[in-house]
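Computed from the coordinates by the stated procedures, all read-outs in this text should not be read as laboratory data. Treat the numbers as computed from the prediction; the structure is a model and nothing was measured. Because the Cβ atoms are built from the backbone with ideal geometry, glycine has one as well, and the counts that use them run over all protein chains shown.
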Amino acid sequence: MPLHFQNRPGLVAYLTIGDPDLETSRAICLAAIDAGADVLELGVPFSDPVADGPVIQRASERALRNGTRLRDVLSLAADLRRERPAASLVIFSYLNPILRMGLETFCAAAEQAGLDGVLVTDIIVEEAAEYLKAMRRHHLAPIFLAAPTSPDARLERIAAASEGFVYAISRVGITGTQKSLASDAEQLVHRLRRYTKLPIAVGFGVSTPEHFAAVGEFADAAVIGSALVATIEQAGPEHAPSSIARFIEGLRGGLREPAVPAH
C-alpha cells in the first residue's frame, strides 16, 4: 500500500511503541490516525538511541522496562492495519533489532503485518544493497534520512534509493523540540527537489503549530516526534490518547499549545 499525504502539510507522527505500555500505545496510535496523522512512524524502543534526544530516550527506557520488543511492534502494526486499513504505517528502528531478528525474517513479518515502509536510522545508503533487495522483495518502502551536510552526489543517491518519502533532517544533532526551525531545512528541501518527485518530510525540532505551518511553506510534510512523546509522558496513560488527538488537531486548528490535562 502506498504512503498517503492527504493534507498539505502532511503530518508524519512518531510514537515510541510500548510507552507507557502496549495497550495504551495502541489507543494512542488509533487516536493519532483519527485526528489526522497522515503517516505513523512506529518507533521500536532501543537501548542506545544515539540519534534521539532525552525525551525519546526516556520513552525507550520505559518501553524496554515493559518488555517491548520488535515483534511486539510488528504485532501492534498488524492490529492497526486491521483497525484502520487505509492508514500509512512505517516501522522506525535502529538496525540492531532488525539484524537480531534476521533481515529476511523481519521484512517478511513486516509485509505480513501490512506495513508500508521502514525507516532505519543508522543504515547508510552506501551500505544498503542487501537491505534494499529484501525490502523490495517484500513490497516495503525504504525511507532514508538526508542531512544538510550531505553533498549533492549523496542526496541524489539517497533520493534514488528512497520510496514513500524522503526524511529531511532540519539540522545536525539529536531529536528534540526547538524554539525555532533551522534555516538549513528549506535549503535542504530545495536541494533534494532536484533529484526526486517523492514527498519530502522535514523533521528534528518541529514541535509547534507555527513550526508546522512554516514547514508547509516549502516541504510536503512535517515529522513530529519529541513533542508527541513529551505529551504522552506528561499526560499519563489515562489521558495520553485524548491529549495526542488534541495536539494533532491543534496543529491545523491554530492552537498555540496542546492541552495536557492535570493528573
Just need the Rg to Rh number for segment 95-176, please, alpha carbons only, Kirkwood Rh. 0.98
Mind telling me which of Ser207, Ser170, Ser242 comes out most flexible in a GNM of the chain, alpha-carbon contacts under 10 Å? Ser242
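Normalising by the residue count of the chain, find the relative contact order in percent from Cα pairs under 8 Å and 6+ residues apart.
Dividing the mean separation by the residue count of the chain yields 22 percent.
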Segment 10-253: Rg/Rh from Cα coordinates, Kirkwood Rh? 0.93
Per DSSP H run of n ≥ 4, the term is -39500 (n - 2.57); total these for the chain, divide by its residue number, and report the mean residue ellipticity at 222 nm rounded to 500 deg cm²/dmol. -13500 deg cm²/dmol
With θ set to phi - 60°, apply the Karplus curve 6.51 cos²θ - 1.76 cosθ + 1.60 along segment 85-96 and write out the HN-Hα couplings as whole Hz, x wherever there is a Gly or Pro. x, 8, 5, 9, 10, 10, 7, 10, 8, 7, 6, 4
Overall form of segment 1-52 per C-alpha gyration tensor (a/c, 1.5; a/b vs b/c): oblate
Using the crude model of +1 on Lys and Arg Cβ and -1 on Asp and Glu Cβ, and no other charge, please compute the dipole size for the chain relative to its Cα centre, in debye to 20. 300 debye
Here, trypsin sites (Lys or Arg not before Pro) of segment 96-162 satisfying both criteria (DSSP loop; at most 16 other Cβ within 10 Å) are none
Under a Gaussian network model of the chain whose springs join Cα atoms within less than 10 Å, the largest fluctuation of Thr24, Thr196, Thr105 belongs to Thr105
